[in-house]
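Taken together, the values in this text are just the output of simple stated rules run on the coordinates, not laboratory data. Everything quoted here is computed from the prediction, not taken from an experiment. Cβ placement follows ideal geometry from the backbone for every residue including glycine, while neighbour counts extend to all protein chains displayed.
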Amino acid sequence: MPLLTTPALAPPAPARPADPLDASFSAAQQRSRELTAAIRRDPRRFRVLTGDRPTGPLHVGHLFGTLANRVRLQDLGVGVTVLIADYQTITDRDSPGTLPGDVFGLVADYLAAGLDPQRCTIFAHSQVEPLNQLMLPFLSLVSVAEVARNPTVKEEFGATGGAAMSALMFSYPVHQAADILFGHANLVPVGRDQLPHLELTRIIARRFNDRYAPGRPYFPVPEALLSEAPLLLGMDGGKMSKSRGNAIALAASEDETARLVRGARTDTQRVITYQPGERPEVANLVLLAALSLDRTPEQVAGEIGPRGAAALKALLTEALNERLRPLRARRREFAADPGYLRQVLADGNERARQIATRTLAEVRQMMHTRY
Ligand code: TRP
């Protein structure tokens, strides 16, 4: 999901393709590989915080991109906290009344994908007052110019000089620092577009430590765990996104899945190959089928070959529906039990509140603001 973009005010920033020449990005990739090995050796050293904006049902791009990775981390024994960033969407919507449905829909998607509320914490940040209060001291540690340099903020700001941007939106990267640091998370799985946000969180953690906890760092300086997952496109070849009608939602029916795949854009070449650069739409369908079947894209392309796009689409529909069947069955059960979803979220909110309350008390102590 793109970060802080507020569709009502500006279109979301397109995800940038990996640029092998970008040194800081390849350094982050290298570091992520080291971290992945360290997680396997000692999962309990890591506290993971990830988040989503509640903008609608999760789709297969999320499943293969982030959800599967969260479940994997959870199953390795890493403490995983999943934050629903509802404050990041409050200005996006035509009607504020749709928010609860989206929030509980997210909880249902998480549980259906395999997140286990006994082992991880799922909560909505608006419900955790002491987390939000951390934003005030954090705001004091960064300058307006530093926040304005954040690429997402800059882009929003740039078009209109901030005239169409809410001040909350401007400060999102600082809010995100509170999201990450309230529970002392030291690892944040992110896509490339989120790296600058994490950098600001790291600056805030360091400055807080230098100023208020010299010699005894209080906040960890969290690291990025870059997703290895390939970027999946929507059925029209654009970025997969609910609002473009090109996404296959986890909650979609099998018929709907078949319809979306049938309508997917392909090209005029008969023989199916896997060439992401030259044939992005066809390659995307091959990749989705490969991910669903746990095969390589080359294997899938080789299997279909001269049988063409119709055969590829038939295979993909079958593979996706098969792969999603257990998840969808679980999701239907959860969706039919709103009391349970409410309980899962209430428990998560309570756990997060306990942690945030303690952090805020310690922060006040260190800042000498306890009277
Ligand atoms: N900005 C993230 C997004 O748009 C969501 C988010 C909010 C988040 N707080 C976070 C992600 C903290 C990671 C950590 O996807």
Discussion item. What is the distance in Å between the Cα centroid of the range 328-365 and that of the range 45-83?
Written reply: 15
Fill in: Rounded to the nearest 20 debye, dipole of the chain from Cβ charges on Lys, Arg, Asp, Glu
700
Practice prompt. For PHE182, list long-range residues whose amide hydrogen, built 1.01 Å from N in the peptide plane, is under 5 Å from its own amide hydrogen.
Written response: none
Worksheet item: When we measure straight from the Cα of LYS154, which aspartates and glutamates land under 19 angstrom away, once same-chain ones fewer than 8 places off are left out?
Response: ASP92, GLU146, ASP193, GLU199
Worksheet item: Arranged by the count of other C-beta atoms within 10 angstrom, fewest first, what order do TYR371, TYR218, TYR172 take?
Response: TYR371, TYR218, TYR172
Worksheet entry | Relative contact order, percent, the chain [alpha-carbon distance under 8 Å, six or more residues apart] | 20
Response to the item:
Karplus-derived 3J(HN,Hα) from phi for the range 77-84 (6.51 cos²θ - 1.76 cosθ + 1.60, θ = phi - 60°), whole Hz, x at Gly and Pro, runs x, 7, x, 10, 10, 10, 9, 9
Item to complete: Could you go through the range 211-223 in sequence order and give the Karplus-derived ³J(HN,Hα) for each residue, using 6.51 cos²θ - 1.76 cosθ + 1.60 with θ = phi - 60°, rounded to whole Hz, and x for Gly and Pro?
Response: 7, 10, 9, x, x, 9, x, 9, 8, x, 9, x, 10
Practice prompt. Rounded to the nearest Å, what's the spacing between the alpha carbon centres of the range 295-324 and the range 255-289? Just the number, please.
Written response: 9
Response to the item:
Which residues qualify? For HIS59, with a placed amide H closer than 5 Å and at least 5 residues away or on another chain, they are LEU250
Worksheet item: Given H placed 1.01 Å from N in the peptide plane, which residues other than close sequence neighbours of ILE272 have an amide H under 5 Å from its amide H?
Response: GLY305, ARG307, GLY308
Worksheet item: Among the lysines, which have Cα under 22 Å from the Cα of LYS313 when same-chain residues fewer than 8 positions away are ignored?
Response: LYS239, LYS242
Worksheet entry | Of THR359, ALA329, THR273, farthest towards positive along the dipole that unit charges on Lys, Arg, Asp, Glu beta carbons give the chain | THR359
Response to the item:
The relative contact order of the range 280-371, taking Cα pairs under 8 Å that sit 6 or more residues apart, comes to a percentage of 20
Discussion item. With unit charges on the beta carbons (Lys and Arg positive, Asp and Glu negative) and the dipole taken about the Cα centre of the chain, which residue among LEU73, MET235, HIS197 sits farthest to the positive side?
Written reply: LEU73
Practice prompt. Pop out the ³J(HN,Hα) list for the range 196-206 in order, Karplus 6.51 cos²θ - 1.76 cosθ + 1.60 with θ = phi - 60°, rounded to Hz; leave Gly and Pro as x.
Written response: x, 5, 5, 4, 5, 4, 5, 5, 5, 4, 5
Response to the item:
In deg cm²/dmol, rounded to the nearest 500, the helical mean residue ellipticity at 222 nm of the chain, built from -39500 (n - 2.57) for every DSSP H run of length 4 or more, is -16000 deg cm²/dmol
Worksheet item: Where does helix 280-293 land angle-wise versus the long Cα axis of the chain, in degrees 0 to 90, nearest 10?
Response: 80
